[in-house]
Amino acid sequence: MGVVVNKSAPVMVKPSEPVATTGATVKLSSLDQVHTNIPVTSLLVFQHPMNEAPAETIQRALSQALVHYYPISGRIAAGADEIQCTGEGVVFVAASADCSLQESKLLLTEEPPSAAASPAGATSRPLLDELAVYYDDTAYGCGGGPLMLVQVTAFSCGGFVVGVTWNHGVGDTMGIAQFLQAVGEMARGVPSPSVIPHRIWDDSRIPSLSPSVIAAAVRQ
């Protein structure tokens, strides 16, 4: 039998306090506009348990981090070239698995095999698919939907997995890693992130391509 993952109903996590710039807009660069129809998913595996329930702790920290990274809680209207800082929030799901991380094969306890190998007992694709929340085939968060989807799955050993899916238009891998670092810091009780994002409000300084070039790139 496969691993069973039980999920709670999704909730919307908003910034934990009012954001002064709610209602503002953040213009997307040409590169960001090209990538607004590309969803990205990352799975972060934590072997050691927390003192508190991981889902509750991370949900609270996520809400606190969104105060500083408020555009992530906004929306991109269909066909728009900007993020509307509505503060509507990101999707959050708490989940639990009926086995340990080691039993799930999510932990590498020895040297990984070569790329050509496919070892017996490797983590199954169905399990990986259960450890995150995904956009449907058409939404991708660029039609007014949430720009990030987060799932925290607790395993019987106390370890947990954080699955993060986001609209690439709101941040590349490095940018989202910085945001997740802030979430981790807030989860540890740090009063504010070690890196506070800085917004260049002069949109004229953002390089831009012609609409025809952007449209051609999106169609590819």
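Among what's in the range 34-59 and is of a type in the set (Val, Ile, Thr) and not in a strand (DSSP E or B), pick the residue that is surrounded by the most Cβ atoms within 10 Å (Cβ to Cβ).
Taking the candidates together, the pick is Ile58.
Return the only residue of Gly171, Gly145 being of a type outside the set (A, V, I, L, M), modelled with pLDDT under 90 and surrounded by fewer than 22 Cβ atoms within 10 Å (Cβ to Cβ).
Only one candidate passes the filter, namely Gly145.
For the range 1-25, which residues satisfy the criterion of being modelled with pLDDT under 95 and touching a Leu at 6+ places or on another chain (Cβ under 6 Å)?
Matches in the range 1-25: Val3 only.
Check off (1) touching a strand residue (DSSP E or B) at 6+ places or on another chain (Cβ under 7 Å); (2) crowded, with 21+ Cβ neighbours inside 10 Å; (3) without any contact (Cβ under 8 Å) to a residue 60 or more places away in the chain for Leu62 and give me the number that stays unchecked.
Condition (3) is where Leu62 drops out.
Filtering the range 65-81 down to residues that are touching a helix residue (DSSP H, G or I) at 6+ places or on another chain (Cβ under 9 Å) and not aliphatic (A, V, I, L, M), which residue is modelled with the lowest pLDDT?
The selected residue is Asp81.
The values are calculated or read from the model by the stated rules, or taken from the named source; none is laboratory data. On a predicted model such as this, the values are computed, not experimentally measured, just so you know. Every residue, glycine as well, gets a Cβ built from its backbone with ideal geometry; the counts of neighbours run over all protein chains shown.
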